[in-house]
Structure formats: C-alpha cells, structure tokens
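K.L.:
Handing you a structure now.
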Amino acid sequence: MRHLPVILVLSLLPDLLSSQDIGRKVLMTVAGDTITAAEFIRMYRKSSDTFNLKEFENYLDQYIVFKLKVADAVSKGYDTTKSFRDELSGYRNQISANYLSDKDVKEKILRQAYQRLMTEIDAWHILVACPPGSKPEDTLAAWTKTLEIKARIAGGEPFDKVARSVSDDPSVRLNGGHLGYFTAFQMITPFEDAAYRMKKGEISEPVRTPYGYHLIMVSDIRPSRGKIRVAHIMRSVPSNSDPSVDKAAEDTIKSVYRKLLAGESFSDLAKKYSDHRESALRGGELNWFGAGEISTDFAEAAFSLKADGDFTAPVRTIYGWHIIKRLEVKPPPSWEEARGTLEERISGSWLQAEAERSLVRKLKKEYNYRLNERAMNWFVENTDTLIIKGYNKFDKNSIPPGPLCTYAGQSITSAEFAKFIESKAAESISEEPAAYLQRMLDLYVSDHILNYENRVLESKYPEFRLLMKEFHDGILLFDISQDKVWNRAAEDTAGLKQYYERHKKEYPGQQFYEGTICILEQRGMEKKFYKEFMKYRNAPDMEKRLLKSVSPANDTLLKVIRGTFPASDPRLPADLKPEKGITKFYAGGYPAVVDIKDIPEKEPLPFEEVKDELIPLYQEWLEKEWIEQLRAAFTVKTDNAVLSEIKKMLSDV
C-alpha cells in the first residue's frame, strides 16, 4: 500500500470523519425499520459512480420502493421460513469465511509456492526409516543414527557412498540417493520446506517426515526452465541386465541415429524401433514435462536442445538408451497464470488451516487471551495414555475449578477441556502426553475463538453487517416479488384474462371488407369490363349480366367474390387504401375491380394469441398496483437534513 504524505492525510481527515459521522445518522425509517446514511450511500454507490441530481432522486424513490417491498415481506413472515433462513445462512457462511482466516497468510503461502515453482533444486538424500507411531526410544535412535551419518559425510566420506551403505530408501541402489532436480509440489511438504531453505552445497539437520529422518544435500539451485514437449526413441535396458543386453541396445540406437542423420522420419523410426510402445504409437511423442517429472538424465538432455526439431545423440538413462527430439517449449508461467493452479495444488483444507491459525494468533492478542498455567499443569500431571486413548477418565472431583483460559470476556473451564480430551479417544499417539495436550488445547481454543469471532462479525465489521443486510433484503425481495408479480402473472389465468378484457382493443385483429371483387381472366377487354361492372354492380344478378356481356362463351373466365373478405386477400393490391368505394387494379396481369361497401371495425385478437405478450404487461400492472398498496399501508419518514448532507457529500466527491 502506498502511503499518503502526512499533510495530505491530515487535510483529508476532516472529510473522512465527516463521512463517518453522516454514515451513523438515520436517513429514513420504513415501516419502523431504520436505515442509516451509510447503508443508503453504500447501495447508491454500487449503482452509480458519479452524482447526478435527477438520477439521485430517481434512485431514492426506487430505494424506498425496495424497502417497502422488504417491509411487506417481513410483515407476512417471509423471514421466518426455513428456506429463507437456510439461504441466508448459506450466504453468511460464504462471506464469513473471508473474515475467519488471515488473507495475508494465504497470499504469503501462494507467493512462496510461486517462488518455489520458479526455482529448481538438485538434491541428494539419505533416509533413516522411522514410521509414525514409533516408540519414543525408537524415534530417538533414528534421530541419533541420522546425526551419526551426517558426521561421516562431514568427515569427508562421499555422500553417494554413504547413502548406498545406510539409506533405507529402496531407490538408493539405482541412484545413490540422487533425487535430481525438482520444484514445488514434487516432494512431501517437510522435505520441500527444508530443501528450499538451504543453500547450495549445504547438508541439512535431520528432517522429519512420515517416512522417517532425512539428510538432504543441495548440489545446485537454478531458475525454472519451464516445460518441454519431446518425442523419443527408446531401446530399454532393464536393471541388472547382462552387459551384452546393454551393448545390443546401444548398437541399435546408434543405427537409428545414423538413419535420422540421413534424413529418415523420426516418427516412422519411433514406431518401428522404440521399446516404449505407448509413445511409439504416437511417433514417440510424450506429454509436457518439467523438472522432477521425468528422470533427470532424460530431462537434462531434452532441455539442452536449442531449437524445435533438433534431436540428441544417443542418451543413456537408468531405463536404457534414448534419442530425444524437441517439439516445443513454454516458459515458466507468470504469477497471474500460475495463481489458479497454485490454489488447486495447495490443499484447500491445509491452506485454510494455516490462515485460521494465523488469525487465531492475532485474535489472542486482540482479545487478551490468558491461560491458567496452574490448571494446565494439572492436566499435564494427570493425563496418561489410558485417558488419551479413551480407556479411562479424569477424576471429576480433582479437576481444577474455574476457567482454564479466558479471552474477550469469555472463558473455557477446566471441566469443559477435560470432557473434550475424553471425547477424542485417540487410537494411538506418537508424542508425549504434554505435547498432545498442548496440541489439543490449541485446537479447542482455536475453535472457541473462531466461533466467538463469527458471532460478533456484524457488530465488529460495519461492512459485513451491511453486506448481510443486503443479502437479507435481497432474498426477501426476490421471494415476495416472485409470489406477488412474477409467478402470479404466469399462473393467474383468471387475472390475466381480466387484464385482457380491459386492454383487448389495444390488440386489434385482421381488417375485413364487405363488398365485391371481380376479376376477368382475359386481356384486352379492360374498358368494356370496367364499363359493364359500373353498370351492373348494384344489380341483384350482377354476376349473370356481367358474364353475358364480357364473356358469354366461357363462364370460367370471370371470377366474382361477394361478401366479407380480409384486407390481406392475395387477390387485392398490396397498396389498397382502406376506404369505401371502387378501385380498379390488375390481379396476376388480368383486369380486376373491388367495390368496398363497408369496413367493419376490427375484432380484437383472441386471448390465446396474445397471452405471451400480455404476461410482461400484466406483471408491470401488478407491480404498480402493489406499490400503490405499499405506499398506503406503510409509513416512510425521511430526515431531509440528513438527505441534504448526503447529496452534498456525494456531489463533492
């Protein structure tokens, strides 16, 4: 965080204090619920980055309506339902997680993991086996043996020679204790932590892991080289093979190498000669790998290639002989690229536990945590393996009375801690009772302190309280709006039909005309056709007279349509004006005439045809009706002086 100059901080201080003072003031009450200026300002700033008086006034009205709807939901008991309580509790659990762990520690751990990911370590190790649950005397013997081995190496004996003679790691017969290069997440955590704290050439003190005690020697430290994708041709040589097997494999791989130099296809040769059948089927192609993900000899040879398409001379590894071809490389990821992967790779539960432990340490200081040492000493003196394993219980009469520890006005009694220890009933322990008791006390106190912190979040953090209020009101708004508007508009068919009846004239159906259409499907007689139509158009036997006059020999040439017909009738001209009277036109190239006697009023479209279009409009109507009812049912009181202060503060920003 960048620090502001002292003068600037002091100049801003009055405004900051003034803003805080405004925030504590009550802006309004809606149905008896008080709304502070801070709550309103927070919501307003989420909707707008700048201040505009007209927009502010509109938002204020919308905000009041929002609060009226919430008040209606509360009055109807929406906030007492199980579904509401469960949903709000779920949101609270999600939000509170950010307050119940040390975010700085999470970030520090992720950053540390990234730095390790950017560094490759070449290490050797010797293992002295000592599994979990070993007896204390066996653990001490393993630790002592490890120190003796370190003394031999410090005295000048070669690390690999000592490793082959004493290490309990089964792979030592193949590698002499040489692990090769590795990076983050490739070794068990205590081993990785120790290695990354060491300098080049250094030998560690005994490092405890679930496997036992390790001596680690770091022979090289270098920046990560990223990832590489290669193809290879392999002639395998099983361990402990006869030298003749190795010689035959070497001769074959050298022959393949000569073919490659002569220009033959790497892919074809891999399919034909490689013993690694899984990759041979793909022309020898392997998946992406980096340090620690393949044998060091193989990786070093692969990364030594300078360009895509280059291939090595025959390379010997513990698996046999290889020729390696570089296909493509990619550099180490940036912090932004790696962060998501790091969060996935680091155990979520472990990362959370570390962050919680860090927060508990801070809270102990903040809440003046105090341990009753005398009571704790009583537990150390009176706890044995029988109690720890659940075979026996503490003598209730001798448990020290009163608190074992206190914090923030809270206390944990000795009796409560005794009951906790008895309930755990550990099957086995690999530590002394005193160490076990301390670990259990840390766990028990941590749970208590975190639970207490969780209970006081609303009073301790104003932003948390406001956020929870936002979720509380948002859930209620959604639930009651669903019942009052959204679902009702879709499900209340009777109400929707009533709305249709009130508004159906707004949905006129198709236009119809009453009259006559005449078409003469014969060209060259337009004038006579029109003249005769005008003469007989009102005659009862118009069709007969017109036919006799214009087409006596073929009665199929005259088409007459009488009665009601739609304005969209395809026989009518598209630009026909909706007016009474006679219009001459051509239909399909033939002379035609329409005599419109009357234009009936349009009938509304049927309900089913406009139902989907009506639903959103019905929702709007329901919303307006509901708001009018709310304004009449609930009282809203606004402190105009506080409102003016808010306007001034927002306009000055």
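K.L.:
Working only within the range 232-241, note down all residues that are part of a loop (DSSP other than H, G, I, E, B) and crowded, with 18+ Cβ neighbours inside 10 Å.
P.N.:
Passing the criteria: only 237.
K.L.:
Look through 91, 78, 99 and report the one residue that is within 30 Å of residue 625 (Cβ to Cβ) and aromatic (Phe, Trp, Tyr).
P.N.:
Step by step, each of 91, 78, 99 is checked, and only 78 is within 30 Å of residue 625 (Cβ to Cβ) and aromatic (Phe, Trp, Tyr).
K.L.:
Which numbered condition trips up residue 364, out of (1) outside any loop (DSSP other than H, G, I, E, B); (2) exposed (fewer than 12 other Cβ atoms within 10 Å of the Cβ); (3) more than 29 Å from the chain's Cα centre (by Cα)?
P.N.:
(2)
K.L.:
Limited to the range 44-65, what total is found for residues that are open to solvent by 90 Å² or more (accessible area, probe 1.4 Å) and either within 31 Å of the chain's Cα centre (by Cα) or within 26 Å of residue 632 (Cβ to Cβ) (or both)?
P.N.:
Step one: of the range 44-65, the residues open to solvent by 90 Å² or more (accessible area, probe 1.4 Å) are 45-46, 49-50, 53-55, 62.
Cutting the leftovers down to either within 31 Å of the chain's Cα centre (by Cα) or within 26 Å of residue 632 (Cβ to Cβ) (or both) gives us 45-46, 49-50, 62.
Here the count works out to 5.
K.L.:
Working only within the range 71-81, note down all residues that are assigned to a helix (DSSP H, G or I), open to solvent by 60 Å² or more (accessible area, probe 1.4 Å) and closer than 15 Å to residue 33 by Cβ.
P.N.:
Scanning the range 71-81 gives 74, 75.
K.L.:
Assigned to a loop (DSSP other than H, G, I, E, B) and touching a Pro at 6+ places or on another chain (Cβ under 8 Å): is that true of residue 602 in this structure?
P.N.:
Against the criterion (assigned to a loop (DSSP other than H, G, I, E, B) and touching a Pro at 6+ places or on another chain (Cβ under 8 Å)), residue 602 qualifies.
K.L.:
Kindly evaluate residue 203 against the criterion of being closer than 23 Å to residue 328 by Cα, in contact (Cβ under 8 Å) with a residue 12 or more places away in the chain, in contact with a helix residue (DSSP H, G or I) (Cβ under 8 Å, 6 or more places away or on another chain) and among the β-branched types (Val, Ile, Thr).
P.N.:
For residue 203, the condition - closer than 23 Å to residue 328 by Cα, in contact (Cβ under 8 Å) with a residue 12 or more places away in the chain, in contact with a helix residue (DSSP H, G or I) (Cβ under 8 Å, 6 or more places away or on another chain) and among the β-branched types (Val, Ile, Thr) - is not met.
K.L.:
Consider the range 423-453. How many of its residues are of a type outside the set (Phe, Trp, Tyr), part of a helix (DSSP H, G or I) and open to solvent by less than 40 Å² (accessible area, probe 1.4 Å)?
P.N.:
9
K.L.:
Can you list the helices (runs of 4 or more DSSP H) lying wholly within the range 264-327 that have 3 or more residues being open to solvent by less than 30 Å² (accessible area, probe 1.4 Å) and not aromatic (Phe, Trp, Tyr)?
P.N.:
The qualifying helices (runs of 4 or more DSSP H) are 296-304.
K.L.:
Need the failing condition index for residue 441 against (1) within 38 Å of the chain's Cα centre (by Cα); (2) without any contact (Cβ under 8 Å) to a residue 12 or more places away in the chain, just the number.
P.N.:
Status for residue 441: all satisfied but (2).
K.L.:
Taking the conditions exactly as written (assigned to a helix (DSSP H, G or I), of a type in the set (Lys, Arg) and either touching a residue at least 40 places away in the same chain (Cβ under 8 Å) or surrounded by 17 or more Cβ atoms within 10 Å (Cβ to Cβ) (or both)), does residue 106 satisfy them or not?
P.N.:
Yes; evaluated as a whole, the condition is true for this residue.
K.L.:
Out of the residues in the range 168-184 that are under 19 Å from residue 128 (Cα atoms) and open to solvent by less than 10 Å² (accessible area, probe 1.4 Å), which is modelled with the lowest pLDDT?
P.N.:
Ranking the candidates gives 176 first.
K.L.:
Could you check, for the range 511-521, whether at least one of its residues is free of Cβ contacts under 8 Å to residues at least 60 places away in the same chain, closer than 21 Å to residue 601 by Cβ and open to solvent by less than 40 Å² (accessible area, probe 1.4 Å)? Can you show your working first?
P.N.:
Applying the first criterion (free of Cβ contacts under 8 Å to residues at least 60 places away in the same chain) to the range 511-521 yields none.
Looking for residues that are free of Cβ contacts under 8 Å to residues at least 60 places away in the same chain, closer than 21 Å to residue 601 by Cβ and open to solvent by less than 40 Å² (accessible area, probe 1.4 Å), one finds none in the range 511-521, hence no.
K.L.:
Yes or no: the range 146-154 includes at least one residue that is more than 42 Å from the chain's Cα centre (by Cα), buried (at least 20 other Cβ atoms within 10 Å of the Cβ), over 30 Å from residue 332 (Cα atoms) and not aromatic (Phe, Trp, Tyr).
P.N.:
The answer is yes; a qualifying residue exists.
K.L.:
I've got another one for you. Among the residues in the range 242-263, are any in a loop (DSSP other than H, G, I, E, B) and surrounded by 13 or more Cβ atoms within 10 Å (Cβ to Cβ)?
P.N.:
Scanning the range 242-263, I find no residue that is in a loop (DSSP other than H, G, I, E, B) and surrounded by 13 or more Cβ atoms within 10 Å (Cβ to Cβ), so the answer is no.
K.L.:
Return the pair list, or none, for Cβ contacts closer than 9 Å from residues in the range 226-237 that are under 25 Å from residue 115 (Cβ atoms) and of a type in the set (Gly, Ala, Ser) to residues that are open to solvent by 30 Å² or more (accessible area, probe 1.4 Å) and assigned to a strand (DSSP E or B), at least 6 apart or on different chains.
P.N.:
Close Cβ pairs satisfying both conditions: 226/329; 226/330.
K.L.:
Separate question: Quick one: in the range 162-186, which of the residues that are in a loop (DSSP other than H, G, I, E, B) and free of Cβ contacts under 8 Å to residues at least 12 places away in the same chain is farthest from residue 122 (Cα to Cα)?
P.N.:
170
K.L.:
Pull up the range 387-412, narrow it to residues that are over 30 Å from residue 131 (Cα atoms) and without any contact (Cβ under 8 Å) to a residue 12 or more places away in the chain, then point me to the one that is most open to solvent (accessible area, probe 1.4 Å).
P.N.:
Restricting attention to the range 387-412, the residues satisfying the condition of being over 30 Å from residue 131 (Cα atoms) are 394-412.
Checking which are without any contact (Cβ under 8 Å) to a residue 12 or more places away in the chain leaves us with 397, 409, 411.
Numbers: 397: 149, 409: 85, 411: 65 Å².
The extreme case among them is 397.
K.L.:
Would the range 47-70 turn up any residue that is in a helix (DSSP H, G or I) and modelled with pLDDT under 85?
P.N.:
So far as the range 47-70 goes, no, none of its residues is in a helix (DSSP H, G or I) and modelled with pLDDT under 85.
K.L.:
Shifting gears a bit: Give the residue that is nearest to residue 517 (Cα to Cα), with candidates limited to residues of the range 535-576 that are among the acidic types (Asp, Glu) and open to solvent by 80 Å² or more (accessible area, probe 1.4 Å). Steps first, please.
P.N.:
Of the residues in the range 535-576, the ones among the acidic types (Asp, Glu) are 541, 543, 555, 569, 575.
Pick out the ones that are also open to solvent by 80 Å² or more (accessible area, probe 1.4 Å) and you get 543, 555, 575.
Values: 543: 11, 555: 16, 575: 16 Å.
Among those residues, the one meeting the criterion is 543.
The values are calculated or read from the model by the stated rules, or taken from the named source; none is laboratory data. Just so you know, these numbers come straight off a predicted model, no measurement behind them. Every residue, glycine among them, receives a Cβ derived from its backbone with ideal geometry; neighbour counts consider all protein chains shown. These area figures cover heavy atoms from the full protein model, side chains too; ligands, DNA and RNA do not enter into them. Shrake-Rupley method; radii C 1.70, N 1.55, O 1.52, S 1.80 Å.
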